[in-house]
Every structure is written in C-alpha cells, then in structure tokens.
Amino acid sequence: MIRSIFYGILFFSILQTYGQNLTPKPLFVAPENQELISADLHIHTVFSDGSVWPNIRVEEARREGLDLIALTEHLEYQPHAEDLPHPDRNRSYEIALSSLKEGENLRVIHGSEITRSMPPGHLNAVFIKDANQLLFPNDSLAGIKAANTQGAFVFWNHPNWDAQRSNGIARLDPFHAYLIKNKLLHGIEVVNETTFSEEALQLALDNNLTIIGTSDIHGLTTWNHNIAGGGHRPMTFILSNSKRPQAIKEALFEGKTIVWFEDLLIGKEKYIKDVIKANVTVESAYYKKDKQILYVTISNHSALPMQMKYIGEYSLHFNSDWFQLHPYSSKEIAIKTVKRQKETEMPFEIINAVSAPKKHPQITWKVNL
C-alpha cells in the first residue's frame with residue numbers, strides 16, 4: 001500500500017514536471033495588441049556548410065522556444081556537394097518543413113544566402129518562393145533582383161565580418177548604396193553569431209534598414225551558446241499585428257524589430273521602450289506609517305536581466321542608483337521622496353539596452369498611491 005502511494009506521488013510529480021516543460025514561460029511579454037515573434041533568420045545545415053540535418057535545426061528551435069526560423073543555405077558555396085549532391089536548392093527547406101508537428105507554433109520560412117566577396121558580401125533573402133531562381137554564379141546583382149522579384153526581405157549579413165572587413169568596421173560601399181537607394185536591400189545584421197557591430201547599428205539608423213540579429217549557426221546551438229547552461233542564441237524579435245506569415249513579413253519591411261544578444265537588447269528606441277514597458281511593471285507602492293520613504297515593488301516578466309539605473313531627482317534607500325532586476329522576478333526598491341506624495345515618477349536608464357551606439361533608452365514608470 002505504501003509503495004503504491006509512493007509510486008503514485010512519483011508518477012504525479014513526473015507528469016506535473018513534464019507539463020511545466022511543455023508550457024515554458026515566454027521569453028518576453030508582447031506589448032499590448034501586438035505579437036512578439038522570436039526568430040532566427042540565418043541558419044545552415046549540411047545542405048551548404050553546416051554540420052547537421054535540417055530536422056535538427058527544427059528541433060533546436062522547438063526546444064529553445066523560437067517561433068520562426070529560416071534555413072538560409074549558401075547558394076554558391078557548397079563544400080559538401082561531392083558527398084551530398086543536390087541540384088535543388090529548395091531541398092533543405094522542404095525537409096525542415098516536413099519535420100514540423102501538426103498544430104505547433106514553430107514556423108519555418110524559405111530563405112537562401114547569396115554568397116559573394118565584398119562588395120556586396122553575403123546577403124540573406126527570406127520569404128522567397130524558389131531558391132533555384134536566385135542562383136547566378138557570375139552576377140552579384142541578378143540574384144538580389146530575383147529575390148526582390150519574389151517579394152523577399154533581403155538583409156546584409158555580418159557586415160563587420162573580419163574575413164571581409166579586416167578592421168571589423170561595417171561600412172557602405174557604392175554597391176550597398178545602390179541597393180538601398182533602389183529598395184533592393186531592406187535590413188542589416190547588427191549581431192551575427194558572437195559579435196555586435198555598433199557601426200552596423202548606425203548604418204541601420206542612418207539608412208532606415210531593419211535591425212537584425214542572427215545565430216548564423218553551423219554546428220549545434222548549444223556548442224556556441226551554452227543552451228543547457230542557460231544561454232541563448234541571438235534572436236530577432238519581430239513586433240507584428242498577428243502571427244500570420246504575411247503580417248510578420250510586413251513587420252520586417254516596416255523595421256519593427258529588436259535584437260536579443262547575450263544580456264543585451266538592441267533596436268530602435270520606440271520598439272525597445274515598448275517591449276521593456278510591457279515586461280517591467282509596477283506591482284505595488286506604499287509608505288510605512290510616519291515615514292517618507294516610498295516602497296515600490298517592480299516585476300520583470302522577461303528572460304532578460306534588466307540592468308536599471310535610477311535617474312530621478314531622489315535617492316534610493318536600499319541601493320545606489322543602479323541595480324539588476326533578475327529574470328522572472330520581483331524586487332522592492334525604496335525611494336526617499338522627502339515628503340509623502342500621491343503620485344510620482346520613476347525614471348530609469350536601461351543600461352543593457354542600446355538604441356544607438358553608446359546610447360541607452362530612458363524609460364519612466366508612473367506610480368500612483
């Protein structure tokens with residue numbers, strides 16, 4: 001009897017744990033009336049120069065909580081062609097698509113990498129229809145135009161890559177200026193694999209290019225980003241009106257993105273502010289009897305540790321002007337308001353968010369008692 005009860009409790013505990021694993025917490029809460037789509041738009045498999053089969057990429061994304069991935073095999077660079085000949089450049093996408101489970105949230109979209117020396121360097125085209133029509137081995141411009149004819153979103157990969165920019169500085173060549181002027185280039189990677197480029201961010205802001213961050217993964221994501229130890233790959237979060245592919249594509253063209261890289265958020269100020277305001281909330285505020293110290297509980301609903309610097313007119317009672325709000329946690333701070341107030345403002349600079357080179361967004365939370 002005792003043994004039966006023990007195994008019954010053990011079985012229930014396993015089911016409970018398994019159920020919890022099936023419904024992980026969202027990485028970030030979406031702003032009101034929007035969807036926040038977690039995406040990796042630069043991924044490789046054995047069908048170009050990667051090391052894994054396409055279904056592994058789907059399983060990695062599934063386990064890591066992504067909503068959207070694009071397999072972007074090199075069109076021209078095919079180091080495995082002798083062992084894995086495949087005249088159809090769509091095959092990787094087709095295999096990945098077939099490995100999706102019915103009804104799951106993860107989506108796989110069609111993409112390719114146009115692989116050239118600099119200029120223009122490497123460019124990804126996503127939301128394409130047929131990768132074979134993008135292959136022009138002797139014409140750098142033809143493939144880009146063909147992608148645009150298919151309605152693709154085209155972005156410049158790793159513009160700071162030291163194999164093509166020996167000083168690691170992203171800069172425009174006349175070829176890129178031509179692409180931008182003629183609306184053939186729509187985005188730029190500010191994060192690629194393990195690097196962040198301030199210069200690429202400035203290029204995005206100056207030329208109204210969509211800000212992108214990707215893993216550019218070739219091996220296993222956990223090798224590069226210690227997934228099992230709590231790390232994560234670089235991701236682009238797309239602020240979309242819905243989860244429909246067309247709506248996501250439109251949001252990309254409109255530049256509605258932020259990038260999550262290590263413990264850093266990168267993006268245009270408006271979108272960073274919208275996401276942070278949705279994820280950091282004021283839970284309660286009160287004064288103790290006969291005290292003029294305001295106690296405020298704030299919560300972080302995201303996977304990002306928020307590094308917050310208080311920039312208001314008062315001083316804090318428990319902290320200096322800086323503290324960290326851990327992921328999925330709450331913290332009580334105490335503000336010495338000198339005298340009791342019915343309402344006040346808490347302005348913070350978010351140190352680990354970047355809206356321009358060396359610029360951190362400032363966000364104000366209102367507190368009403």
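The values are calculated or read from the model by the stated rules, or taken from the named source; none is laboratory data. Since the structure is predicted, the reported quantities are computational estimates derived from the model, not experimental observations. Cβ: placed from backbone, ideal geometry, glycine included. Neighbour counts: every protein chain shown.
When the residues of the stretch 82-111 are narrowed to those that are touching a helix residue (DSSP H, G or I) at 6+ places or on another chain (Cβ under 6 Å) and part of a strand (DSSP E or B), which ends up farthest from Asn124 (Cα to Cα)? If you could, list the steps in order and put the result at the bottom.
First pass over the stretch 82-111, keeping only residues touching a helix residue (DSSP H, G or I) at 6+ places or on another chain (Cβ under 6 Å): 89-90, 92, 95-96, 99, 106, 108, 110.
Still in the running and part of a strand (DSSP E or B): 108, 110.
On the way: Val108: 15, His110: 11 Å.
If we take residues in the stretch 82-111 being touching a helix residue (DSSP H, G or I) at 6+ places or on another chain (Cβ under 6 Å) and part of a strand (DSSP E or B), then Val108 is farthest from Asn124 (Cα to Cα).
Mind listing whichever residues of the stretch 112-131 are part of a strand (DSSP E or B), in contact (Cβ under 8 Å) with a residue 60 or more places away in the chain and touching a Gly at 6+ places or on another chain (Cβ under 7 Å)? Once the filter is applied, which keeps residues that are part of a strand (DSSP E or B), in contact (Cβ under 8 Å) with a residue 60 or more places away in the chain and touching a Gly at 6+ places or on another chain (Cβ under 7 Å), the stretch 112-131 yields Asn124, Val126.
Among Ser302, Ser330, which is the only one that is out of contact with any Asp or Glu (no Cβ under 8 Å at 6 or more places or on another chain) and on the phi < 0 side of the Ramachandran plot? Unique residue meeting the criteria: Ser302. Picking from residues in the stretch 340-369 that are free of Cβ contacts under 8 Å to residues at least 60 places away in the same chain and outside any strand (DSSP E or B), the one that is farthest from the chain's Cα centre (by Cα) is Arg340. Quickly run through the stretch 257-304 and pick out the residues that are charged (D, E, K, R) and in contact (Cβ under 8 Å) with a residue 40 or more places away in the chain. Answer for the stretch 257-304, where residues must be charged (D, E, K, R) and in contact (Cβ under 8 Å) with a residue 40 or more places away in the chain: Asp263, Lys268, Glu269, Lys273, Asp274, Lys277, Glu283. Consider Phe318 carefully, then state whether it is part of a strand (DSSP E or B) and hydrophobic (A, V, I, L, M, F, W, C). Judged against the criteria, Phe318 is not a match. Scan the stretch 334-368 for residues that are farther than 20 Å from Lys277 by Cβ and in contact with a Lys or Arg (Cβ under 9 Å, 6 or more places away or on another chain) and the total you get is 1.
Under the condition of being at pLDDT 95 or above and not in a strand (DSSP E or B), the residues counted in the stretch 22-45 number 10.
The C-beta contact set for the stretch 67-79 (first residue assigned by the TED database to the domain that holds Trp53 and under 13 Å from Asn132 (Cα atoms), second residue of a type in the set (Asp, Glu) and modelled with pLDDT of 95 or more, distance under 7 angstrom, 6+ apart or interchain) comprises Thr72/Glu113; Glu73/Glu113; His74/Glu113; Leu75/Glu113. Of the residues making up the stretch 208-224, those that are farther than 17 Å from Ile109 by Cβ and either surrounded by fewer than 20 Cβ atoms within 10 Å (Cβ to Cβ) or in contact (Cβ under 8 Å) with a residue 60 or more places away in the chain (or both) number 8. Among the residues of the stretch 184-207, the ones that are within 20 Å of Glu269 (Cβ to Cβ) and part of a strand (DSSP E or B) come to 6 in all. Beta carbons closer than 6 Å, at least 6 apart along the sequence or on distinct chains, pair a first residue in the stretch 311-339 that is within 20 Å of Pro361 (Cα to Cα) with a second that is in a strand (DSSP E or B) and of a type in the set (Asp, Glu) for Ile311/Glu349. Total residues in the stretch 236-283 satisfying the condition of being farther than 26 Å from Asn300 by Cβ and acidic (Asp, Glu): the figure is 2.
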